[in-house]
Number of protein chains: 2
Amino acid sequence: MTPEEFRKFGHRLIDWLADYRAGIEERPVMAQVRPGDIKKQLPTAPPEQPEAMEAVLADLDRVVMPGLSHWQHPRFFGYFPGNALLAGILADFVSTGLGVLGLAWQSSPAVTEVEEVMADWVRQMVGLSESWSGVIQDTASTSTLVALISARERTTDYALSRGGLQAEEQPLAVYVSAHSHSSVDKGALLAGFGRANLRLVPFDAEYGMRADALEDLVRSDLAAGVRPCAIVATVGTTATTAIDPVRGLAEIARRNKIWLHVDAAMAGSAMILPECRWMWDGIEGADSLVINVHKWLGAPFDCSLYYVRDPQHLIRVMSTNPSFLQSSVDGQVKSLRDWGIPLGRRFRALKLWFLIREQGVEALRARLRRDMANAQWLSEQVAATPGWRVLVPARLQTVCVRHEPPGLSGETLDRHTLGWAERINRSGAAYLTPAVVDGRWMVRVSIGALATERDDVAAVWQAMRQAAEDSATEN
Amino acid sequence: MTPEEFRKFGHRLIDWLADYRAGIEERPVMAQVRPGDIKKQLPTAPPEQPEAMEAVLADLDRVVMPGLSHWQHPRFFGYFPGNALLAGILADFVSTGLGVLGLAWQSSPAVTEVEEVMADWVRQMVGLSESWSGVIQDTASTSTLVALISARERTTDYALSRGGLQAEEQPLAVYVSAHSHSSVDKGALLAGFGRANLRLVPFDAEYGMRADALEDLVRSDLAAGVRPCAIVATVGTTATTAIDPVRGLAEIARRNKIWLHVDAAMAGSAMILPECRWMWDGIEGADSLVINVHKWLGAPFDCSLYYVRDPQHLIRVMSTNPSFLQSSVDGQVKSLRDWGIPLGRRFRALKLWFLIREQGVEALRARLRRDMANAQWLSEQVAATPGWRVLVPARLQTVCVRHEPPGLSGETLDRHTLGWAERINRSGAAYLTPAVVDGRWMVRVSIGALATERDDVAAVWQAMRQAAEDSATEN
């Protein structure tokens, strides 16, 4: 493809994408395809000869588009808001189009320096002190794995430089909650701790980790010769946006020299609102934290910000310095390859640069406040409606609900819950993701897609009542 | 930003990128800035109020562009070819613009199914048997970490479900070469093995791992009660594109039940050429392998293909299944979140779909053959020139050279080598990355940027001779 052909098809795709975004509400939110529907339309072998771009673009419409669930749709209430703001999208086009890699400062200095400044902009936006240093990772799963490996190496005084985790005589324990994200367990297992050394700390009535219970576990581990290594606190859990008490956990961490990692992947965006910062009160006592700005805040995926208090420790754990990456400016510059797992580095900081400048922080705050007000409104509607229940106070932007018609309980109630949610999803009118809390299914209405306004929330609430009624009648 | 504003600025950026690619050879290849030059032009705090996109785009030209080293430049001979083919760039625009995430099949079915088919297309292109299953990771660093964790769990019969690596009584060893990529050591340390359990297998005259030496190490570990866990073989090392003897290593791996991971990050692309497949002869005996199609082949970064023989094992190591990701089609579909570390998933497979169709495999083969012929040509020129030396036979696309004027040796020679390379880099005429082999610096001329033709190779060779002469005269 020549630059002139790129120009031609690029213009066509810009129009295609602008039309997509302008008309997205006409599409069913959830893909209406069955397993294998996409795959069977693709040739099983690659083409030997070139195909016309016209054919590729036609297949994009014909094959791919029906296979998408539309995260940018105003009635997308699934998972979490995965906003891709248009200014951030343009920035990512620039990043991909330039095709430069930040393996080392010298390999494209702007990749390192813009990232450094953008991580600091976000630090200020969420009200963290200057003692934090940030870097962009792909996802919170990776950030949390990096945090747990960092904790492991601090507790063992860099066992990686000796016999590794396998040479440690006293086992190391990690403290999580049953409401932690699945990536936390996964990270601990991948880091080698083993499930037997994962402590599930009991939670309170609102699903926050209990500091007193943590303290008991730490004490009994110490008595048994187990070394407490890391605590993972969550600010805004996935199922219910529950909040672990960071200050209390930080105090236990400090007294026992335990690494405290805070998973604020979801709620971190809300920390741009001063009125929300109570949610992570005590955060300055943590060792590391992750905020997924590719969620609610709106940087196109992927863009997970990982902050640490002690970058020298991170670098010592992650550092590699092969000769082909050395240059005469080493020592004067940051080597972001030593701040995470991958060596290669996209120019992801551009997304934040474009997005924050085009929006301004005030507008970002206004949008998040809109979403929280919408969640409050929905929560009130649900609470005021007979047969419906709000399961936990909606402090952020997720409303956890259940329709509990008389006579239904246990597995019958579960079937009803999954039934009405799936009815809505299959209709294409909105997209909701159920989750289990206290052993029973409920439905999460995760508000916060960029395009979601009050009338969209009212519409999903109408659809929920209708679907629940239809579902109850049919069964 | 409204869709209409997106249209306006999108069109402008398409033209900007088309102009960038069409006129790239006018730019200095390596950024001519000093540490801090970019950073000091950026405001230290984020803007409260929105800024005009015109201002952002003006700063892109003014602040960012001088801070880039241009990987798509025809005279980029640094690191490795990091090609971003224009059709792949358009595909990535679509991916970013759609803003859909493949957390689960249902969250956008096409993300999973197109990836499945594209991994299989590449499998066929490189001549692997049907017994391999592939998935896209971000980089080879991550793929290799996943491989080493998988090896750890196979050897320990899933210690992660019990006490983890820390509960194992007999230490596990990993076998690598001093010429393995830095990410291999790093992956082994992050996976918890510890440096004391990393065995550096001696290499032969052409920097390939010695199978006989590996066998000796395995035998002595077994005698000492150490469990051989993983061998990492490299096909196309970073410094010299050396080739480890996969067949011989696979045989040792098979006999001793050791996991064999093959790092073909660089040379994997060349496996689309039947005449190159001898380089990984025996590959069917490996357990896992990685090919970075974001290198020479030309998918815009990031796109690292990771293949395994036993996907069920990978899934068992990586699997998580929280309630909010479950759906009624589970069991009928692949959950690619269980094939790697991150949960979130960009629609990266689109890059391969566009690129392979727009090019056709025949054209991809022709381009790689062009680059290998260019490397041969340069190699012959260097070898035929007094005072110059080719350090290793150029089997792929990298030519390792040294200018050895009479009377220079040891550190004086090193200074000369680094001096003439830096002279070229600072001039902006071409970009080369030196590396250390056998304790002495040499210069790698890594050929294979999409735009690099014979006259570009002739030009860098002319620049090398001139710079070496100038450097020798000055010192």
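The values are calculated or read from the model by the stated rules, or taken from the named source; none is laboratory data. Being a predicted model, the structure only gives us computed values, none of them experimental. With ideal geometry, Cβ positions are generated from the backbone for all residues, glycine too; neighbour counts draw on all protein chains shown.
Looking at A:G127, is it buried (at least 24 other Cβ atoms within 10 Å of the Cβ) and over 30 Å from A:L198 (Cβ atoms)?
Against the criterion (buried (at least 24 other Cβ atoms within 10 Å of the Cβ) and over 30 Å from A:L198 (Cβ atoms)), A:G127 does not qualify.
Quick check on the stretch A:14-42: of everything there that is more than 14 Å from B:A110 (Cβ to Cβ) and touching a Phe, Trp or Tyr at 6+ places or on another chain (Cβ under 6 Å), which residue is surrounded by the most Cβ atoms within 10 Å (Cβ to Cβ)?
Restricting to residues being more than 14 Å from B:A110 (Cβ to Cβ) and touching a Phe, Trp or Tyr at 6+ places or on another chain (Cβ under 6 Å), the top hit is A:V29.
Looking for something surrounded by 24 or more Cβ atoms within 10 Å (Cβ to Cβ), of a type outside the set (F, W, Y), within 7 Å of another protein chain (Cβ to nearest Cβ) and in contact with an Asp or Glu (Cβ under 8 Å, 6 or more places away or on another chain) - is there at least one such residue anywhere in the stretch B:190-198?
Looking through the stretch B:190-198, none of the residues is surrounded by 24 or more Cβ atoms within 10 Å (Cβ to Cβ), of a type outside the set (F, W, Y), within 7 Å of another protein chain (Cβ to nearest Cβ) and in contact with an Asp or Glu (Cβ under 8 Å, 6 or more places away or on another chain).
Considering each of A:S69, A:S107 in turn, give the residue that is surrounded by 22 or more Cβ atoms within 10 Å (Cβ to Cβ), within 8 Å of another protein chain (Cβ to nearest Cβ) and more than 29 Å from B:S108 (Cα to Cα).
A:S107
Any residue that is surrounded by fewer than 24 Cβ atoms within 10 Å (Cβ to Cβ) and among the polar types (S, T, N, Q) - is there at least one of those in the stretch B:75-89?
no
What number of residues within the stretch A:406-418 satisfy the criterion of being more than 19 Å from A:L378 (Cα to Cα) and buried (at least 17 other Cβ atoms within 10 Å of the Cβ)?
Qualifying residue count for the region: 5.
Pairs under 6 Å by beta carbon, first residue modelled with pLDDT under 95 and outside any helix (DSSP H, G or I) in the stretch B:303-321, partner of a type outside the set (G, A, S) and crowded, with 17+ Cβ neighbours inside 10 Å, six or more apart or different chains?
Here the result reads B:S319/B:D338; B:T320/A:K186, each pair linking the stretch B:303-321 to a residue that is of a type outside the set (G, A, S) and crowded, with 17+ Cβ neighbours inside 10 Å.
Quick check, is B:R27 modelled with pLDDT of 95 or more, farther than 30 Å from A:M30 by Cβ, of a type outside the set (S, T, Y) and out of contact with any Lys or Arg (no Cβ under 8 Å at 6 or more places or on another chain)?
Against the criterion (modelled with pLDDT of 95 or more, farther than 30 Å from A:M30 by Cβ, of a type outside the set (S, T, Y) and out of contact with any Lys or Arg (no Cβ under 8 Å at 6 or more places or on another chain)), B:R27 qualifies.
Working carefully through the options A:S141, A:S161, A:S180, find the one that is more than 7 Å from chain B (Cβ to nearest Cβ) and either at pLDDT 95 or above or more than 24 Å from B:R346 (Cβ to Cβ) (or both).
A:S180
Restricting to the stretch B:19-43, give me the number of residues that are within 23 Å of A:F354 (Cβ to Cβ), out of contact with any helix residue (DSSP H, G or I) (no Cβ under 6 Å at 6 or more places or on another chain) and aliphatic (A, V, I, L, M).
Of the residues in that region, 1 qualify.
Give all pairs with beta carbons closer than 8 Å in which a residue from the stretch B:219-248 that is on the phi > 0 side of the Ramachandran plot meets a residue that is of a type in the set (S, T, N, Q) and modelled with pLDDT of 95 or more; count only pairs at least 6 apart in sequence or on separate chains.
Listed by first residue and then by second, the contacts come to B:T241/B:Q397; B:T241/B:T398.
Could you grab me the full set of residues in the stretch A:1-59 that are within 7 Å of chain B (Cβ to nearest Cβ), small (G, A, S) and in a loop (DSSP other than H, G, I, E, B)?
A:A31, A:A45
Check off (1) crowded, with 24+ Cβ neighbours inside 10 Å; (2) in a helix (DSSP H, G or I); (3) of a type outside the set (V, I, T) for B:C276 and give me the number that stays unchecked.
Only one criterion is unmet by B:C276, namely (1).
With the structure loaded, tell me whether B:G82 is within 24 Å of B:R367 (Cβ to Cβ) and not aliphatic (A, V, I, L, M) or whether it fails that test.
Criteria met by B:G82.
Table: residues versus (1) without any contact (Cβ under 8 Å) to a residue 12 or more places away in the chain; (2) more than 19 Å from B:A242 (Cβ to Cβ).
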position	(1), (2)
B:P393	no, no
B:G407	yes, yes
B:E422	yes, yes
B:D456	no, yes
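For the stretch A:322-371, give me each residue that is crowded, with 22+ Cβ neighbours inside 10 Å, touching a Pro at 6+ places or on another chain (Cβ under 8 Å) and facing another protein chain (nearest Cβ under 8 Å).
Across the stretch A:322-371, the qualifying residues are A:I356, A:R357, A:E358, A:Q359.
Looking at (1) closer than 19 Å to A:R348 by Cβ; (2) part of a helix (DSSP H, G or I); (3) in contact with a Phe, Trp or Tyr (Cβ under 7 Å, 6 or more places away or on another chain); (4) within 7 Å of chain A (Cβ to nearest Cβ), which is the one condition that is false for B:A91?
(4)
Among A:G387, A:G439, which is in contact with a strand residue (DSSP E or B) (Cβ under 7 Å, 6 or more places away or on another chain) and at positive phi? Lay out the reasoning, then the answer.
Details: A:G439 fails: in contact with a strand residue (DSSP E or B) (Cβ under 7 Å, 6 or more places away or on another chain).
Within the list A:G387, A:G439, the selection yields A:G387.
Against the conditions (1) closer than 30 Å to B:A459 by Cα; (2) part of a helix (DSSP H, G or I), where does B:G82 fall short? Just the number, please.
B:G82 satisfies every listed condition except (2).
Starting from residues that are away from chain A (no Cβ under 14 Å) and assigned to a loop (DSSP other than H, G, I, E, B), keep the ones in the stretch B:284-302 and report whichever is nearest to A:A191 (Cα to Cα).
B:D287
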